[in-house]
Amino acid sequence: MALDPKKHAMPVQDPQVRAHNFNEVALGYTHEMALAEAQRCLNCKNRPCVQGCPVNISIPEFIACLKKDDIEGAYQVINKTSSLPAVCGRVCPQESQCESKCTLGIKFEPVGIGRLERFVADWHNANSTAAPQKAASNGHKVAIVGSGPSGLTCAGDLAKAGFEVTVYEALHVAGGVLVYGIPEFRLPKSIVAKEVDTLKQLGVEFVTNAVIGKTLTIDELFEDGNEAVFVGSGAGLPNFMGIPGESLKGVYSANEFLTRSNLMKAFRDKCDTPIMKGGKVVVVGGGNVAMDAARTALRLGAEKVYIVYRRSMQELPARKEEVEHAEEEGIDFQLLRNPVEILGFQNPENPRDERNGFVTGMKVVKMELGEPDAKGRRRPVAVEGSEYVLDCDTVVIAIGTSPNPLIKSTTAGLEVNAHGGIIVNEEGLTSRENVYAGGDAVTGAATVISAMGAGKTAAKAIIDHFAK
Amino acid sequence: MYKILCKKELNPTVTMMEIEAPLVANKAKAGQFIILRVDEEGERIPLTIAGANKETGGVKIIFQIVGATTEKLNHKKEGEYIQDFAGPLGKPTEIEGKKSVCIVGGGVGCAIALPVAQAFKEQGAEVTSIIGFRSKDLLILEDEFRAASSELIVMSDDGSYGRHGNVTVPLKEMLDAGKHFDEIITIGPVIMMKFVTLTAKPYNVPVTVSMNPIMIDGTGMCGGCRLTLNVDGKKVTKFACVDGPDFNGYEVDFDEAMSRGRMYFPFERHAHEETCNLFKQA
């Protein structure tokens with residue numbers, strides 16, 4: 001059989017239709033497509049894809065099961081190393097991880113590993129009736145701070161090894177960024193709930209509304225009988241640009257904008273949480289969060305959505321598929337542009353005018369790419385006199401976050417770096433005995449899968465420590 | 001779910017509730033706040049803690065009925081449950097080392113000012129309290145303030161109770177008369193806190209204000225509660241949820257905070273009317 005040089009395309013909702021609903025954009029492979037795509041895997045000897053995966057899923061093995069139409073077998077292979085396959089199949093940047101290493105990718109398009117992973121996980125969730133087996137207890141208690149990707153992964157691995165695990169979540173629902181950050185149309189919340197349920201069946205306990213550092217401290221978690229603590233408290237406060245007008249009404253951080261829509265369900269009519277809808281929206285930034293915010297604004301009813309990014313399309317850090325989807329949906333990319341000032345309404349005659357203080361536009365300046373910086377990225381330089389105004393009603397700033405201060409400020413002896421990130425060794429161990437950490441709380445804003453990798457590393461270190 | 005241990009109407013628009021939340025009660029200190037959700041579809045709102053009892057695990061909140069959420073909360077009865085209750089959040093009010101303080105409370109803000117006054121009294125400070133209300137019907141916690149203060153002045157905007165006028169009037173009189181305060185702590189509407197700060201400025205008395213901006217998570221994640229401080233001539237962004245809610249009054253940009261606080265007024269008005277109509281139909 002001749003090898004298809006291209007990946008099987010992912011069926012998606014029509015861009016014109018999906019721009020107005022919150023249903024999932026990518027619809028997933030059919031059974032036939034999945035089996036056909038699996039045939040493209042060469043099952044090569046050196047398995048470079050496995051090294052490309054932060055949690056080292058045995059990719060060729062699960063694809064080999066798929067080739068034989070043993071979908072449950074494929075799931076069991078993935079499940080050995082990944083606690084969240086239905087999530088990763090959707091949100092991992094495969095093009096820079098497993099798929100970037102694929103041998104087939106040297107000459108052709110790589111195998112659609114992420115799409116296959118998603119198919120296998122969705123099939124399992126829809127068809128498998130076998131309840132996950134709870135491991136026999138080893139008598140050791142561990143507390144996990146935060147129920148985002150790193151915490152869930154760490155919890156899953158520890159529970160499978162027989163630990164008694166309690167996950168503490170500050171918000172009212174488990175899932176962390178998977179719930180408050182990533183929108184429904186990219187990761188349906190029912191999928192996150194299903195993954196959390198699976199962990200509950202493995203014996204993991206979840207305590208919501210527990211703000212560690214406030215409700216309970218790390219020291220109290222130890223007093224409560226926990227022998228180790230994993231801190232996966234995630235990204236913290238949003239960064240702002242420090243330009244005039246950032247406190248005008250209608251200026252959101254991406255965290256706030258997405259939290260209002262995703263966690264608080266402001267996109268639904270019957271929800272109590274307000275959000276500014278409609279009009280023209282400018283999103284500042286070029287990462288996945290910026291794409292999520294722009295596409296959310298569109299679905300909330302914006303007539304026009306701009307993305308303002310200071311470098312070019314080539315440097316855009318977002319996952320490729322998200323950028324393509326955003327373009328198809330009609331998001332207007334204002335590249336090589338930098339915000340200078342956010343403009344607001346002010347009625348000089350009437351200080352009580354209800355419109356006073358609301359955003360009316362953003363002044364931006366054109367940029368050129370200059371010399372590469374220390375990281376090799378070409379530094380953008382403003383073109384003098386090139387400023388112009390984009391009319392808008394809402395601005396969403398998606399330029400990253402700084403770590404949350406709550407745990408650092410209430411945990412004696414926990415060392416952090418200059419950026420506030422918790423310092424860990426290669427096993428995820430912090431400067432405090434038996435306190436481990438991982439994910440954005442350590443690295444600053446990064447990806448779901450790298451956080452999962454960190455949760456996994458720490459779980460392994462904890463398992464090894466107590467096996468001694 | 002969190003049980004409502006006790007409910008009491010303090011005036012027609014202000015209600016006190018005690019919520020069973022032992023972990024919060026264990027830690028709560030004056031000046032801190034909680035975030036609650038009434039039901040599964042509800043929004044997260046911050047309310048400052050008005051008192052806590054470690055023995056019963058009860059945490060006292062006092063709220064004014066201003067929007068859909070507080071309307072729904074007010075319809076809950078003693079013995080019923082609310083969906084979520086998280087805290088204690090924010091930094092406690094700094095009370096150590098102060099021997100003479102003036103507490104200036106306005107409206108429902110007095111509910112939060114009271115535990116601060118009590119905490120100062122407990123550590124032996126001399127507490128002077130000025131509390132202000134629009135009119136007599138809206139007066140709350142007068143007896144409690146009297147017990148916590150060595151001197152209490154009650155003001156009403158319309159003259160229907162106590163002295164006629166704003167809280168800044170007696171404050172200025174006392175400062176003019178040479179009364180010494182280590183600190184003035186003011187809690188209430190932003191406009192009142194702004195004018196208390198302006199009143200105190202010529203006398204160089206430190207002023208602490210308790211800010212109550214719009215919040216969602218309340219844990220240092222969304223950034224909605226940001227405010228601008230002017231620190232030594234430089235503008236600095238701070239977050240009320242983790243850096244506050246108490247701030248140095250001389251540094252806060254009150255006008256910006258007031259403007260931001262009005263962001264959802266049209267929405268809130270609409271949502272409140274709709275909720276009221278729902279309850280009428282039921």
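Nothing in this text is a laboratory measurement; each read-out follows from the coordinates by a stated rule. These figures come from a predicted structure and were not determined experimentally. Every residue, glycine among them, receives a Cβ derived from its backbone with ideal geometry; neighbour counts consider all protein chains shown.
Please compute the modelled spin-label separation between A:Ser402 and A:Lys468, points set 7 Å along Cα→Cβ, answer in nm with one decimal.
3.7 nm
Rounded to the nearest 5, what % of the DSSP beta bridges within chain A are antiparallel ones?
Percent antiparallel among DSSP bridges in chain A is about 40.
For q = 0.10, 0.11 Å⁻¹, what log10 I(q)/I(0) does the protein assembly as shown give under the Debye formula with an equal point scatterer on each alpha carbon and no solvent?
-1.07, -1.26
7 Å from Cα along Cα→Cβ at both B:Asn53 and A:Arg377: what's the point-to-point distance in nm?
5.6 nm
In whole Hz, what ³J(HN,Hα) sequence does region A:261-272 give by Karplus (6.51, -1.76, 1.60; θ = phi - 60°), x for Gly and Pro?
7, 7, 6, 8, 6, 5, 6, 8, 5, 8, 7, 8
Listing A:Asp4, B:Asp243 from the residue with the fewest other Cβ atoms within 10 Å to the one with the most, what is the order?
Fewest to most other Cβ atoms nearby, the residues stand as A:Asp4, B:Asp243.
Show me the GluC sites (Glu not before Pro) within region A:251-316 that DSSP assigns to loop and that have at most 10 other Cβ atoms within 10 Å of their Cβ.
A:Glu303
Considering the convex hull of the alpha carbon atoms of region B:3-106, report its projected area averaged over all viewing directions, in nm², one decimal.
Seen from a random direction, the Cα hull of region B:3-106 projects 7.3 nm² on average.
For B:Lys29, list the lysines whose Cα falls under 24 Å from its own Cα; do not include residues on the same chain fewer than 8 positions away.
Excluding near neighbours in sequence, the set is A:Lys214, A:Lys408, B:Lys3, B:Lys7, B:Lys8, B:Lys54, B:Lys60, B:Lys91, B:Lys98, B:Lys99, B:Lys121, B:Lys238.
On a 0 to 90° scale, report how tilted helix B:110-122 is relative to the longest principal axis of chain B, with both axes built from alpha carbons and the result rounded to the nearest 10.
Result, in degrees: 60.
List the lysines whose Cα sits under 29 Å from the Cα of A:Lys107, skipping any in the same chain fewer than 8 residues away.
A:Lys6, A:Lys7, A:Lys45, A:Lys67, A:Lys68, A:Lys320, A:Lys375
Other chains' Cβ within 10 Å of B:35-44 residues: what's the mean?
Per-residue shielding by partner chains comes out at 4.
Need the list of aspartates and glutamates near A:Lys277 for cross-linking: C-alpha distance under 13 angstrom, and skip anything on the same chain fewer than eight residues off.
A:Asp269, A:Glu303, A:Asp393
With a 10 Å Cβ neighbour count serving as the proxy for reagent exposure, in which order, fewest first, do A:Asp292, A:Asp373 appear?
A:Asp373, A:Asp292
What is the order of A:Ser147, A:Ser386, A:Ser247, A:Ser82, fewest Cβ neighbours within 10 Å to most?
A:Ser386, A:Ser247, A:Ser82, A:Ser147
What number do you get for region A:316-379 when its Cα radius of gyration is normalised by 2.2 N^0.38 Å, N = residues?
Computed over Cα atoms of region A:316-379, the ratio equals 1.69.
Once phi is turned into ³J(HN,Hα) by the Karplus curve 6.51 cos²θ - 1.76 cosθ + 1.60 with θ = phi - 60°, what whole-Hz value does each residue of region A:303-314 show in order, with x for glycine and proline?
7, 8, 10, 9, 10, 9, 9, 7, 10, 9, 3, 4
Would you tell me the mean number of C-beta atoms belonging to other protein chains that fall within 10 Å of each C-beta in B:256-266, as a whole number?
4
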